[in-house]
Structures are given as structure tokens and as C-alpha cells.
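Some notes on the structure that comes next.
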Amino acid sequence: MTRLSKILRRTTFALLASAALVGTQAAMAQTRPPLKKVLVSEGIRYLAFFPLYVAIEKGFFVEQGLDVQVVSAGGRTLAVQSVIAGEALISLHDPGGPSLANKKGADLKVFLAAVNQPPAFLMVTKDRPVGTPPNLKGLTIAMDQPPSLAQALVISALRENGFVEVNPTTWKPKDSADPKDQVTLSFSGPGTQLPQVKAGRVNAISVYTPVDSQAERELEMKMLFAFSSKEGDFASSAFDTLAKTVREDPETLQRFSNAMVKTYRFVHKHPDQAVSVAQKYLPNANVQDVTAVVNRLLAIGAIPKDGTISKSAWDRNLNGFLKDAKDPASDTPYESIVVSQFWEKANATVGDVP
């Protein structure tokens, strides 16, 4: 056999082997079940929701046979409505959404934790003192219109530090009648707090992440304190779905929960990769802010390590802070809306991640 014949023979064998491999892969693809499409409606595109984005980008949902897409509804109410209407299978936002919807006749269930501490902070101007206990006297605090978690958290902090309500926008210390010691609450729309500081109308803001980092970077504001609960987890945001889905399609919810629990474990081990994904999903956010916020949320325990929503975490928010703020979503019994079967199985069966 000539040298050229040997080369041609080897080439022929290589091509045949390659064709056989391609044919095998194509056959496997044809026999593999198609991915099930799942639409998640988030209230807003929010940095604290970065584990959901990581689960998509790292293929953890695909591992579970799911093709998960996420859309931003433009508000909690719209996200909830999309699930009720059957447009989305799952929605993501604070648990006041499904609680309030159920009070109006819906039948929604909360099935998995998303954010386990309020990613909210009380920031003060650089001329103000910071320390423990926090010096709240003389503050004018800008925050979202009530009912809001930002307002509920401020009211709780005022009560814990010896202030009493004069009227809905004014609080005074129990031990002082000096008007200069009063705290004034300034309510406004989302995204208007920093401009109020710049205009000199307020000297403090109660804001959600990443505005805290932005305030530090742009205005040299200081954190007076974080609203993270010192008593344990706080059900700040969660995934919900129709009770009908829990009954009729538990397999999809289980696979979704499995992927998210794996993601929670992953981001705690690989915060740098979480930052990269978060930057992709929030391209207009400042890179410095994204890095600071992701690491801050992990440090304060806002990002879960598993999918659990405990009764105490639920009650601290829905039947504690929101009740103090007279939020209509409050007074929702844990047992009436929270289902534990999916995170219990996921926590038990999803292994550790490298």
C-alpha cells in the first residue's frame, strides 16, 4: 500500500467516525425530551434578584429540563396579575403582592424564598453623625410613598429608638419637646430620593439597593444602619404561583426550586461570577455599585443559602413591619399561603456545588 493510499484510508476512517458521532448526537437530541418553557414575571428588574439571572446564565434550569425566561412587569401588581391571568407561571417580588391579591379573591401560593433580608438602608448626609445607637434626631427622611417597606422599616426603627408618632409625617422623641429633635418623613415616588438630597430638602433617605451604593459614591452619604433583621430571616421577596399550579404541576415547581437552591449555593461560593451576570442583566448600572451591592447582599444574609421561608421570617414582614405600617397586605397567616414541599425536597436532594 502506497503512502498516499494509507493517508486516504486514514482520512476515510476519520470521516466515517465523525459522521457516526454526529449521527449519534442527533439521535440523542431527538430522543431527549424538549425543555419545558417557564415564564417568570418579576416586579422590576432588580439587582437583589441576581440569583435568578445566574440560574439562567449558568444553565441550572436547563439541567432541570426547563427553559426559563424572565420578564419585568413594571410593578408588583402587574407581575401578580400576569400569573392570575395565566400569562406567567411564576412571579417574583415582595410577598405583599400575593397576600393582597388573595385578600381580593385570588388563590396564590408562595413556594420559595428569593431575598431573606430587606435590602434597604437608612443613609444620611456626610455632615451627620453615625454610630450606635443611631442618632435619628433632626432627620428629614425621603422614602417611597406608603404603603411601602421603606416606610415600615423607618417606623419600626423610630419606635425602637424611643420616638412616638405626632402625625403620619412627624415623629418626636419621648424625652424631648424640642422641635429640632423631631423626625420628618417625606414621601415621594421611586427614584426621587437622591434628587431631594441634592436639592437640600432632606438629609436622609430610606432606600433599597443599589441606591445605597449610588448615594455613597455620588454624594458621599453614610449608612446610618441597615434594616436587616437582627432576629433572623425576613421574608423580603419570594416566588409565588397559582394554587392550581401547585396541585396540577408540582413537578415543574420542584425542578424550578431545585435549580434555584443550587444557584443559592453557587453564588455564595462564587460571588465574582454573580457580579458578572448581574452586570449583564443591569447594563446601565454602575459597575462599582453592582460589585458592592452583590457582596453586601451576600454578607447580610439577604441571599438565601437554601429555599426556606420560615414562619418567623414571614411574620417579621407580613405580620410585623407591614402591620405596623397599616399595609393592607398584612395580617396574612403563614399557613394560609406558604407551601414548603418544594424547598424541603430541594434542600434535601440538591448537592453541594464546587
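The values are calculated or read from the model by the stated rules, or taken from the named source; none is laboratory data. Keep in mind that this is a model prediction, so the values were computed, not measured. Ideal geometry is used to build each Cβ from the backbone, glycine not excepted, and the neighbour counts take in all protein chains shown.
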Hey, among ALA106, ALA101, ALA113, which residue is out of contact with any Asp or Glu (no Cβ under 7 Å at 6 or more places or on another chain), modelled with pLDDT of 95 or more and part of a loop (DSSP other than H, G, I, E, B)? ALA106
Taking the criterion of being among the charged types (D, E, K, R), touching a Ser or Thr at 6+ places or on another chain (Cβ under 7 Å) and not assigned by TED's automatic domain parsing to the domain that holds TRP171, would at least one residue in region 334-342 satisfy it? no
Residue by residue through region 286-334, note down the ones that are modelled with pLDDT under 90, assigned to a helix (DSSP H, G or I), touching a helix residue (DSSP H, G or I) at 6+ places or on another chain (Cβ under 7 Å) and crowded, with 17+ Cβ neighbours inside 10 Å. PHE321, LEU322
Residues of region 58-86 being assigned to a helix (DSSP H, G or I) and either outside the structural domain of VAL40 (by TED's automatic domain parsing) or of a type in the set (Val, Ile, Thr) (or both), which ones? VAL62, THR77, VAL80, VAL83, ILE84
Take the conditions assigned by TED's automatic domain parsing to the domain that holds PRO333 and either among the aromatic types (Phe, Trp, Tyr) or crowded, with 24+ Cβ neighbours inside 10 Å (or both) and apply them to LEU92. Does it pass? yes
Can you pull out the residues in region 335-354 that are part of a loop (DSSP other than H, G, I, E, B) and of a type in the set (A, V, I, L, M, F, W, C)? VAL339, VAL350, VAL353
For PHE239, which of the numbered conditions (1) over 23 Å from VAL70 (Cβ atoms); (2) in a strand (DSSP E or B) fails to hold? (1)
Could you check, for region 167-179, whether at least one of its residues is at pLDDT 95 or above and within 14 Å of LEU122 (Cα to Cα)? no
Take region 117-133 and flag every residue that is in a loop (DSSP other than H, G, I, E, B) and modelled with pLDDT of 95 or more. THR125, LYS126, ASP127, ARG128
So, in region 136-164, of the ones that are charged (D, E, K, R) and surrounded by 13 or more Cβ atoms within 10 Å (Cβ to Cβ), which residue ends up nearest to GLY191 (Cα to Cα)? ASP144
Could you figure out which of (1) assigned to a strand (DSSP E or B); (2) farther than 26 Å from LYS305 by Cβ isn't true of LEU92? (2)
Exactly one of SER186, SER206, SER176 is under 25 Å from PRO98 (Cβ atoms), of a type in the set (Ser, Thr, Tyr) and not in a helix (DSSP H, G or I), and that one is SER206
Please indicate, with yes or no, whether at least one residue in region 79-86 is of a type outside the set (D, E, K, R) and touching a Gly at 6+ places or on another chain (Cβ under 8 Å). yes
